[in-house]
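The values are calculated or read from the model by the stated rules, or taken from the named source; none is laboratory data. What you are looking at is a predicted structure, and each value in this text was computed from that prediction instead of being measured. Note that we place each Cβ from the backbone using ideal geometry, even for glycine, and neighbour counts take in every protein chain shown. Calculation scope for accessible area: heavy atoms of the full protein, side chains included, ligands and nucleic acids excluded. Shrake-Rupley method; radii C 1.70, N 1.55, O 1.52, S 1.80 Å.
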Amino acid sequence: MKGRIFSGMRPTGALHIGHLSVIQNWVALQEDYKCYFSIVDLHALTTGYEDRLDFPRLRREIALDWLSVGIDPEKSAVFLQSAVKEHSELHLLLSMFTPLSWLERVPTYKDQIQQLSQQGKDLGTYGFLGYPLLMAADILVYKANAVPVGEDQLPHVELCREVARRFNHLYGPVFPEPKDLVGNVPLLPGVDGRKMSKSYHNAISLTASSEEIKMRVQQMITDPARLRKDDPGHPEVCIVDKFHQIYTPEVAEVEENCRAGKVGCVACKRHLAENLEKLLSPFRERRAYWEEPGRVEKVLEEGAAHARVTASETMKEVRCVMGL
Ligand code: TRP
């Protein structure tokens, strides 16, 4: 084993294929690292505190998504953040010595407050300012060595390292400084060319049936200059091609046939739908297994119990060096 990994996702609803590469990256990491994968419900509350989020449904959905893609509870701890109280305790203790200015200068902080205030959300809260510090607690409570994240989360991991350094300086060497592992996440547009997002109704969900896949691929916008099948096409302006680039190994041939007007858009879409079907069908089978009543609950319970062992060891040490 190369060390420990922590990562988390907020439970904000069923995932779509744009999230797939992130989870597949986690699945690969399970082989080499001791992994802690957490459904970070407390983080969801920092922005959704007045939304009356349906946590039982949301956590089940995301857990099923992870398990169906291949997160293996025999290898990794899969659990709810709020079920391991040590996250909250460490967050509080870290807050004692974290300068406000460190939190205020996190690049996403003021941006997000502004953006979400346009949607009527008041994020001028203590909890939201502390979002990255709670993240630091998530990571440090397992003494994680590495954190797989998206590019957008890099400033948060950087803050986590600064907090670890400050802690170690003040109280003694307890925490490793975690490195970030930025996976290769291809940018996938939605079927209409905008960013893929459930709220735009342009996403292909991980649970899409064969019919849904076909329907979504049907909606993809192709080269408008291509009126007839044998008109030469321009893959660079075609949404179907963006997907072929990720899911079709023989993409070069597909593009050539398009440019030469040899294969029409209907056939080209059918080809893509078949590849998406191949991609998603193994997940359906695994999901059916995990959907049986009680299975997800058991995974989350055992995952939390497992996580607590490590987290409580860390907290014993932290309390000791802080003189509590
Ligand atoms: N903030 C992360 C996101 O929105 C989720 C998260 C919470 C996380 N705690 C974390 C990611 C710790 C990595 C490590 O994607």
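Within the range 206-231, track down each residue that is out of contact with any helix residue (DSSP H, G or I) (no Cβ under 7 Å at 6 or more places or on another chain) and small (Gly, Ala, Ser).
If the condition is that a residue be out of contact with any helix residue (DSSP H, G or I) (no Cβ under 7 Å at 6 or more places or on another chain) and small (Gly, Ala, Ser), then 209, 225 are the ones that fit.
Is one or more of the residues making up the range 146-158 within 8 Å of the ligand (Cβ to nearest atom), of a type outside the set (S, T, N, Q) and surrounded by fewer than 17 Cβ atoms within 10 Å (Cβ to Cβ)? Give the steps one after another, and end with the answer.
Let us first name the residues in the range 146-158 that are within 8 Å of the ligand (Cβ to nearest atom), namely 147-150, 152-153, 156-157.
From what is left, the residues that are of a type outside the set (S, T, N, Q) are 147-150, 152, 156-157.
With surrounded by fewer than 17 Cβ atoms within 10 Å (Cβ to Cβ) added as a condition, the list becomes 150, 152.
Yes, some residue in the range 146-158 is within 8 Å of the ligand (Cβ to nearest atom), of a type outside the set (S, T, N, Q) and surrounded by fewer than 17 Cβ atoms within 10 Å (Cβ to Cβ).
Would you kindly identify the helices (runs of 4 or more DSSP H) lying entirely within the range 212-324 that contain at least 1 residues that are open to solvent by 80 Å² or more (accessible area, probe 1.4 Å), at pLDDT below 95 and within 30 Å of residue 56 (Cα to Cα)?
Working: elements: 239-247, 251-259, 265-291, 295-321.
Fully inside the range 212-324 and qualifying: 265-291.
Would you point out which residue out of 64, 134 is farther than 21 Å from residue 176 by Cα and either acidic (Asp, Glu) or surrounded by 19 or more Cβ atoms within 10 Å (Cβ to Cβ) (or both)? Explain how you work it out, then say what you get.
On the way: 134 fails: farther than 21 Å from residue 176 by Cα.
The conditions single out 64.
Residue-wise test of (1) in the same structural domain as residue 81 (by TED's automatic domain parsing); (2) under 30 Å from residue 76 (Cα atoms); (3) free of Cβ contacts under 8 Å to residues at least 24 places away in the same chain.
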residue: 225; (1), (2), (3): no, no, yes
residue: 230; (1), (2), (3): no, no, no
residue: 234; (1), (2), (3): no, no, no
residue: 255; (1), (2), (3): no, no, yes
residue: 258; (1), (2), (3): no, no, no
residue: 264; (1), (2), (3): no, no, no
residue: 304; (1), (2), (3): yes, yes, no
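Spot the failing condition for residue 212; the list is (1) within 29 Å of residue 65 (Cβ to Cβ); (2) acidic (Asp, Glu); (3) in contact (Cβ under 8 Å) with a residue 12 or more places away in the chain, and only one is missed.
Residue 212 satisfies all of (1) within 29 Å of residue 65 (Cβ to Cβ); (2) acidic (Asp, Glu); (3) in contact (Cβ under 8 Å) with a residue 12 or more places away in the chain except (3).
Hey, could you check the range 43-59 for residues that are of a type outside the set (A, V, I, L, M, F, W, C) and open to solvent by less than 40 Å² (accessible area, probe 1.4 Å) and say which is nearest to the ligand (Cβ to nearest atom)? Write out each step before concluding.
Residues of the range 43-59 that are of a type outside the set (A, V, I, L, M, F, W, C), as a first pass: 43, 46-52, 54, 56-57, 59.
When the remaining residues are screened for being open to solvent by less than 40 Å² (accessible area, probe 1.4 Å), the result is 43, 46-48.
On the way: 43: 5, 46: 9, 47: 10, 48: 12 Å.
Per the stated criteria, the residue is 43.
Is it the case that residue 64 is more than 15 Å from the ligand (Cβ to nearest atom) and either in contact (Cβ under 8 Å) with a residue 60 or more places away in the chain or not assigned by TED's automatic domain parsing to the domain that holds residue 302 (or both)?
Working: more than 15 Å from the ligand (Cβ to nearest atom): yes; either in contact (Cβ under 8 Å) with a residue 60 or more places away in the chain or not assigned by TED's automatic domain parsing to the domain that holds residue 302 (or both): yes.
Criteria met by residue 64.
Taking only the range 129-170 into account, find how many residues are modelled with pLDDT of 95 or more and not in a helix (DSSP H, G or I).
9
Do you know which residues across the range 77-122 are in contact (Cβ under 8 Å) with a residue 60 or more places away in the chain and crowded, with 19+ Cβ neighbours inside 10 Å?
Hits for the range 77-122 are 77, 78, 79, 80, 81, 84, 86, 87, 90, 94, 98.
At pLDDT below 95, touching a helix residue (DSSP H, G or I) at 6+ places or on another chain (Cβ under 9 Å) and surrounded by fewer than 15 Cβ atoms within 10 Å (Cβ to Cβ): does that describe residue 183?
In short, no.
Can you tell me which residues in the range 1-42 are polar (S, T, N, Q) and either out of contact with any strand residue (DSSP E or B) (no Cβ under 7 Å at 6 or more places or on another chain) or away from the ligand (no atom under 13 Å from the Cβ) (or both)? Break it down stepwise before answering.
Initially, the range 1-42 is screened for residues polar (S, T, N, Q), giving 7, 12, 21, 24-25, 30, 38.
Those that are polar (S, T, N, Q) and either out of contact with any strand residue (DSSP E or B) (no Cβ under 7 Å at 6 or more places or on another chain) or away from the ligand (no atom under 13 Å from the Cβ) (or both): 12, 21, 24, 30.
For a quick check of your reading: which helices (runs of 4 or more DSSP H) sit entirely within the range 49-125 and have at least 1 residues that are within 21 Å of residue 29 (Cβ to Cβ)? Break it down into steps so the answer makes sense when it comes.
Details: elements: 55-69, 86-95, 100-104, 107-117.
In the range 49-125, the matching helices (runs of 4 or more DSSP H) lie at 55-69, 86-95.
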